[in-house]
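One structure follows; several queries about it will come next.
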Amino acid sequence: ALLLLSLKQYFLLKDNLQQQVNDSVGEIIQGISNTVTSQMQGAIDLAVLTTGLVEQSDSLKQALPLISQPKLKETFLLIGYGEDATGNYVASDPGWDPGPTWDPRVRPWFAGAKQANQLIVTAPYADSVSKEIVVSVGTPVKKGSRFHGAIFFDVSLAKLGNMINSFELFDSGFAFRV
């Protein structure tokens, strides 16, 4: 009888401990998800604010200091603004050179923001210059009610991945993105 009671107690404790671990892992995963969502929302909020400021500028030259602010450079891999009428553009990194045939108007972030007439987020892609996997937040720039151009804000998925990968699970494993 003592052996049966001990076995019953063992299995009850084991099941209870397993449920606590499962609940804790679920909470950690939810916390990671909330953190990533918050990071992306913060980036989107900065993109919207910056676009509003750029809309008040009269030229690419005036827009350049706005997209080159240190906080923006810290948040985004690269920011660029292209005009619809001319295809001319400026970028937050003066050393960025996409090549002589690069035209912002044919890029997915530009076409998507123009067609949707609102902020869009591209599917992940390998950036041709940095070789990093990024998503671009594309925002339409309007002068009055007329579409004037679009801005891209490149978000490095490597940064988000490193943040996710830094979470330890009970000193016995790590979270990772798939």
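The values are calculated or read from the model by the stated rules, or taken from the named source; none is laboratory data. Only a predicted model underlies this, so the values are computations on that prediction, with no experimental measurement involved. Counting neighbours? That spans all protein chains shown, and the Cβs are built from the backbone with ideal geometry, glycine included.
Anything in region 100-109 that is within 18 Å of Ser156 (Cα to Cα) and hydrophobic (A, V, I, L, M, F, W, C)? List them, or say none.
The one that is within 18 Å of Ser156 (Cα to Cα) and hydrophobic (A, V, I, L, M, F, W, C): Trp109.
Go through the residues of region 65-87 one by one and say whether even a single one is under 19 Å from Lys143 (Cα atoms), in a helix (DSSP H, G or I), aliphatic (A, V, I, L, M) and modelled with pLDDT of 95 or more.
yes
Now, a different point. Given the criteria surrounded by fewer than 18 Cβ atoms within 10 Å (Cβ to Cβ) and among the aliphatic types (A, V, I, L, M), does Val121 qualify?
Here the answer is yes, as Val121 does meet what is asked.
Residues checked against (1) at pLDDT below 90; (2) under 27 Å from Pro108 (Cα atoms); (3) not in a helix (DSSP H, G or I):
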position: Glu27; (1), (2), (3): yes, no, no
position: Gly31; (1), (2), (3): yes, no, no
position: Thr37; (1), (2), (3): yes, yes, no
position: Met40; (1), (2), (3): yes, yes, no
position: Ser57; (1), (2), (3): no, yes, yes
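Ok, one more. Going through region 107-130 one residue at a time, which ones are part of a loop (DSSP other than H, G, I, E, B) and of a type in the set (D, E, K, R)? Working first, answer last.
Within region 107-130, the subset part of a loop (DSSP other than H, G, I, E, B) is 107, 117-119, 122-124, 127-130.
Hits for region 107-130 are Arg107, Asp127.
So Lys131 ticks every box in (1) without any contact (Cβ under 8 Å) to a residue 40 or more places away in the chain; (2) farther than 19 Å from Trp96 by Cα; (3) among the charged types (D, E, K, R) but one. Which box is left unticked?
Going through (1) without any contact (Cβ under 8 Å) to a residue 40 or more places away in the chain; (2) farther than 19 Å from Trp96 by Cα; (3) among the charged types (D, E, K, R) one by one, Lys131 breaks only (2).
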